[in-house]
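Structure incoming, see below.
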Amino acid sequence: MAAKKPIKRSWAEPFKIKVVEPIKMTTRAYREQAIEEAGYNTFLLRSEDVYIDLLTDSGTNAMSDRQWAGMMLGDEAYAGSRNFYYLEDNVRKYYGMPHFVPTHQGRAAEHIISRILIKPGDFVPGNMYFTTTKLHQELAGATFVDVIVDEAHDPVNAHPFKGNIDPQKLEDLIKKVGAKKIAYVSMAGPVNMAGGQPFSMNNLREVHALCKKHKIRLWFDATRACENAFFIKEREKGYQDKTIAQILKEMCSHFEGLWISAKKDLLVNIGGFLATRDEKVYEEASNMVVVYEGLHTYGGLAGRDMEAMARGIEEMVEYDGIRARIKQVEYCGKQLEKYGVPIVKPIGGHAIFLDARKFLKHIPQNQFPAQTLSAEIYLDSGVRSMERGVVSAGRDPETGDHKYTELELVRLTFPRRVYTQAHIDVTVESVASVHENRKKVRGLKMVYEPKYLRFFQARFEKL
Ligand code: F0G
């Protein structure tokens with residue numbers, strides 16, 4: 001008799017649902033009107049008109065009962081709130097940074113750190129750009145230089161650490177402009193625009209050594225650092241037995257400082273901060289925050305928000321939680337692949353990125369294939385996604401022309417602890433049917449373009 005195959009044992013999310021928020025299904029005719037009124041830009045839709053909202057994982061997380069309970073313990077004092085000190089303790093404990101300044105969200109911290117570290121004419125190398133990060137670096141007078149590994153620009157390259165910095169590219173830049181002209185190296189992990197791709201600890205060590213040799217500051221966009229830590233645990237030799245908290249702490253030990261949008265890893269709806277081991281940078285930041293955000297013990301946040309963040313830090317490093325988050329994204333990607341939908345590989349941490357260039361081969365990049373695809377998916381099912389291609393990249397400050405990025409992507413982003421596997425199945429089926437009918441889809445023309453971060457507010461018409 002053949003040996004019986006053992007029964008597979010699945011695992012499920014380490015939480016159950018306590019509060020529900022109804023969502024609305026609409027008709028195609030309704031959505032046609034809604035997306036036209038929104039100028040074919042999913043950022044301009046009313047959230048009420050969206051069925052499954054995969055626009056972003058930013059501030060869209062479900063907080064735990066423990067975080068909600070903490071909201072009632074908000075100490076709403078103008079100065080020296082109890083919640084601030086609890087958050088400060090946890091920033092020290094989990095990120096290992098002695099000094100910290102809260103801000104209302106990530107880009108506020110980016111603004112402050114860019115203003116402090118950059119002199120006009122400087123350069124900031126980074127592992128691919130992020131929209132708000134790069135804009136603040138440019139507004140402070142720097143030129144951003146992409147030094148990510150080449151593999152990151154290729155949607156199908158299966159390199160496990162496509163978020164790595166190419167040390168040779170960094171060295172070439174140092175040789176070309178001189179170390180003194182480099183304000184800091186800006187390293188994010190995982191890299192949002194590359195498809196949620198992580199960097200390895202080994203690469204970080206190498207970049208750190210190079211920066212040390214040339215006396216260049218190394219700063220960390222730690223917005224989704226726990227996802228990066230999870231990938232290191234899964235993919236890098238020597239980390240299998242380490243906890244997410246240990247890996248996070250080791251990652252942070254290589255940086256002089258970091259900034260964060262708490263709206264991601266920290267499982268809250270609003271918040272951010274800047275943290276550093278450099279006392280002088282801290283002093284300047286805690287003075288600047290008073291001008292732009294609020295006193296340095298609240299930085300534009302309510303006491304209750306800081307309490308939710310402090311508690312969120314303790315939850316974000318729990319292995320079962322981060323595994324459920326990343327494996328949900330992976331589940332979606334694997335289902336899409338079964339239908340032959342082109343996606344960025346390997347599957348990233350926070351989102352599935354559809355390769356719109358391949359998906360809508362007949363639409364040239366100046367007719368915005370990713371923008372078009374995002375609108376088509378909404379039309380099909382009410383699922384909301386986001387363009388991450390030529391519209392997001394904006395214009396070249398020198399030539400004024402569109403920046404024709406190699407990656408022309410649509411992002412399906414997963415809020416943490418919000419949607420079920422059934423929501424993912426509905427999403428997958430919708431994307432698959434748009435894919436089946438792709439040849440009928442026509443491109444778009446841009447009819448309104450704002451000056452900064454155009455993807456948020458640009459408007460389009462069907463060609
Ligand atoms: N850095 C990264 C890597 C981000 O993904 C974001 C925001 C920020 C900084 C800015 O933070 O929004 O709190 O001001 N990303 C969101 C997204 C908007 O949808 O990916 P913020």
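Bear in mind these aren't lab numbers, they're just calculated from the coordinates by the rules spelled out. Note that the coordinates shown come from a computational prediction; the quantities given were computed from them, not determined experimentally. Please note: Cβ atoms are built from the backbone with ideal geometry, for glycine as well, and neighbour counts cover all protein chains shown.
Please list, in order along region 196-205, the HN-Hα scalar couplings obtained from phi with the Karplus expression 6.51 cos²θ - 1.76 cosθ + 1.60 (θ = phi - 60°), rounded to whole Hz, x for Gly and Pro.
x, 8, x, 9, 9, 5, 4, 5, 4, 4
I've got another one for you. Give the Cα extents of region 65-316 along the principal axes, in whole Å, largest first.
Sorted from largest, the Cα extents of region 65-316 read 51, 43, 29 Å.
Just to check I understand the Karplus step: with θ = phi - 60° and J = 6.51 cos²θ - 1.76 cosθ + 1.60, what whole-Hz values come out for region 212-222, glycine and proline as x?
Once rounded to whole Hz, the list reads 4, 4, 9, 6, 10, 5, 10, 10, 10, 7, 9.
Okay, next question. Which residues' amide hydrogens lie under 5 Å from the amide hydrogen of residue 274, considering only partners 5 or more residues apart or on another chain, with H built in the peptide plane?
For residue 274, the qualifying residues are 101, 103.
Can you give the relative contact order of region 120-229 as a percent, counting alpha carbon pairs under 8 Å and 6+ residues apart?
28
Quick one: if the Förster radius is 35 Å, what FRET efficiency do residue 157 and residue 459 give, using the C-beta to C-beta distance and rounding to 0.05?
0.50
Sticking with the crude label model, points 7 Å out along Cα→Cβ, report the distance from residue 240 to residue 209 in nm, one decimal please.
In this crude label model, residue 240 to residue 209 measures out at 2.5 nm.
Using 7 Å Cα-to-Cβ label points, what is the residue 451/residue 334 separation (nm, one decimal)?
For the pair residue 451/residue 334, the computed spacing is 4.9 nm.
Over 34 Å, how big is the tail of the calculated P(r) for the chain, in percent of all Cα pairs?
33
While we're on this one: Which value, in debye to the nearest 20, describes the size of the charge dipole of region 103-151 about its Cα centre when Lys and Arg Cβ atoms bear +1, Asp and Glu Cβ atoms bear -1, and nothing else is charged?
Magnitude of the dipole: close to 320 debye.
Another one. Which order do peptides 27-33, 339-345 fall in by mean Cβ count within 10 Å, highest first?
So the peptides 27-33, 339-345, ranked by packing, come out 339-345, 27-33.
Nearest 500 deg cm²/dmol is fine: what mean residue ellipticity at 222 nm does the chain get from its DSSP H runs of n ≥ 4 alone, each adding -39,500 (n - 2.57), divided by its residue count? Show your work: numbers first, answer last.
Values: 16 runs with 181 residues, N = 463.
That calculation yields -12000 deg cm²/dmol at 222 nm.
Based on alpha-carbon centroids, what's the gap between region 253-319 and region 47-78 in Å, whole number please?
With region 253-319 and region 47-78 each reduced to a Cα centre, they are spaced 17 Å.
Could you work out the Rg to Rh ratio of region 336-463, with Rh taken as the Kirkwood radius (inverse of the mean 1/r over all Cα pairs)?
Working: Rg = 14.6 Å, Rh = 15.1 Å.
With Rg and the Kirkwood Rh in hand, the quotient comes to 0.97.
Here's another thing I want to ask about it. Only four residue types carry charge here, +1 at the Cβ of Lys and Arg and -1 at the Cβ of Asp and Glu. Report the dipole size of region 65-316 about the Cα centre in Debye, rounded to the nearest 20. Write out the running numbers ahead of the final one.
Working: 31 positive and 33 negative charges, 122 e Å.
It works out to roughly 580 debye.
What order do you get for 237-243, 3-9, 171-177 when each peptide is scored by the mean count of other beta carbon atoms within 10 Å, highest first?
171-177, 237-243, 3-9
By how many nm would the segment from residue 436 to residue 46 grow when fully extended, if each residue of separation counts as 0.36 nm and the alpha-carbon distance is taken off? Each step should come with its number before you reach the end.
Details: separation 390, 0.36 × 390 = 140.40 nm, distance 2.75 nm.
Additional length available on full extension: 137.6 nm.
Compute the distance from the alpha-carbon center of region 177-247 to that of region 441-463, in whole Å.
Each part's Cα centre sits 34 Å from the other's.
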